[in-house]
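A short worksheet on the structure shown next.
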Amino acid sequence: MTSTVAVDLGKTGCRAMLWHGAGSSPSVSSVAGAPGLAAPDGVAAARAAVRAAVGPLLREPGGARPESVLVGAAGAASAPAAARSLAGALLEDLPVGEAAVTSDAVTAHAGALGGRAGVVLAIGTGSVAVGIGADGTYARVDGWGPLLGDDGSGARIGTAGLRAALRAHDGRGPATALLDAATAFFGDLERLPAAVGRDGNPARTAASFAPEVARAADAGDAVASAIVRDAAADLAETALAAAGRITGDGGPLPLAVTGGLAGLGPALMTPLTARITGSALHVWLTSPLGDPLDGAGLLALDRTTPHASLVVRVRRATANPPLPTPATPPASA
């Protein structure tokens, strides 16, 4: 029976799943995340997070020893040397025969499309599209952060809504329901700049206002409707750019939309769907099949997917180490 460990390592949280094969119920463990492999001491932080998440799963009574571990890690795409270093370090820490590391964007893609070629548009506080072709061609579009990119994202929608509210407040812009919505959400608008920056993450705070913009759009507010339509146009452009970079023959590609912003409903998804399906590219929208943890498990076991060349794999050449225990810290990275 095949047994493997899949890990979804993000900057906020780290989830690990121990899977014993078809028909089994996987065990899942969660701990705090790590700042990303490209960050200073990123490998050491990632190693500690993975070890903390995986350790409890390996110590479960009657648990089978896994054959491999695959980690989808934030920052791996821009730090391939760090990804290989992490894979080697995990072989020192865990009783597995193979350790593999790839980008969390790759595992998210594999999970959403079940290992098929295609495009995944991930929209939340930020926005990014990842395309992987049948030949392994990889394309990432946007994901440049709220200052330089993330067009159509929750941060962009929320910021545009708050700007519109302030313009109405000042008398510089048209009347909009967003003025009352922003006041109800944040309080006195004279203190809005401080409120948006109070937790040190203005993009996330602004994104929390995006559902209010969508609600105002659903209620017929012209200003809010224009903001959401513009966001849908930006997101469609991002997704279609990724599709255009991975298809050479014009063949049809599946496209899945993931992330919390997809929950904004028809105000965003109806114009987004119309722009994608009405494009000259042959893409078809499909519902996500799974999440990044599912994708990590799939890639750990299947080397035939188009993602194979994007995964760093390191095989063990010596005996397995003992099971990690809470009292045994990992060796230095």
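If you check ALA267 against the conditions, is it small (Gly, Ala, Ser), more than 22 Å from the chain's Cα centre (by Cα) and surrounded by fewer than 21 Cβ atoms within 10 Å (Cβ to Cβ)? For ALA267, the condition - small (Gly, Ala, Ser), more than 22 Å from the chain's Cα centre (by Cα) and surrounded by fewer than 21 Cβ atoms within 10 Å (Cβ to Cβ) - is not met.
Just to be sure, is LEU323 in contact with a Leu (Cβ under 8 Å, 6 or more places away or on another chain), crowded, with 18+ Cβ neighbours inside 10 Å and either closer than 27 Å to ALA46 by Cα or at pLDDT below 85 (or both)?
Working: in contact with a Leu (Cβ under 8 Å, 6 or more places away or on another chain): yes; crowded, with 18+ Cβ neighbours inside 10 Å: no; either closer than 27 Å to ALA46 by Cα or at pLDDT below 85 (or both): yes.
Against the criterion (in contact with a Leu (Cβ under 8 Å, 6 or more places away or on another chain), crowded, with 18+ Cβ neighbours inside 10 Å and either closer than 27 Å to ALA46 by Cα or at pLDDT below 85 (or both)), LEU323 does not qualify.
Here is the figure for segment 192-230: residues that are of a type in the set (Gly, Ala, Ser), assigned to a helix (DSSP H, G or I) and touching a helix residue (DSSP H, G or I) at 6+ places or on another chain (Cβ under 8 Å) total 11. Against the numbered list (1) surrounded by 24 or more Cβ atoms within 10 Å (Cβ to Cβ); (2) in contact (Cβ under 8 Å) with a residue 60 or more places away in the chain, LYS11 comes up short only at (1).
Condition check ((1) without any contact (Cβ under 8 Å) to a residue 24 or more places away in the chain; (2) closer than 24 Å to THR107 by Cβ; (3) in contact with a Leu (Cβ under 9 Å, 6 or more places away or on another chain); (4) in a helix (DSSP H, G or I)) across all residues:
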{"position": "GLU237", "(1), (2), (3), (4)": "no, no, no, yes"}
{"position": "ALA242", "(1), (2), (3), (4)": "no, yes, yes, yes"}
{"position": "LEU255", "(1), (2), (3), (4)": "no, yes, yes, no"}
{"position": "ALA267", "(1), (2), (3), (4)": "no, no, no, yes"}
{"position": "PRO271", "(1), (2), (3), (4)": "no, no, no, yes"}
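The values are calculated or read from the model by the stated rules, or taken from the named source; none is laboratory data. What you see is a predicted model; the values in this text were computed from it and never measured. No Cβ is skipped: glycine too gets one built from the backbone with ideal geometry, and neighbour counts run over all protein chains shown.
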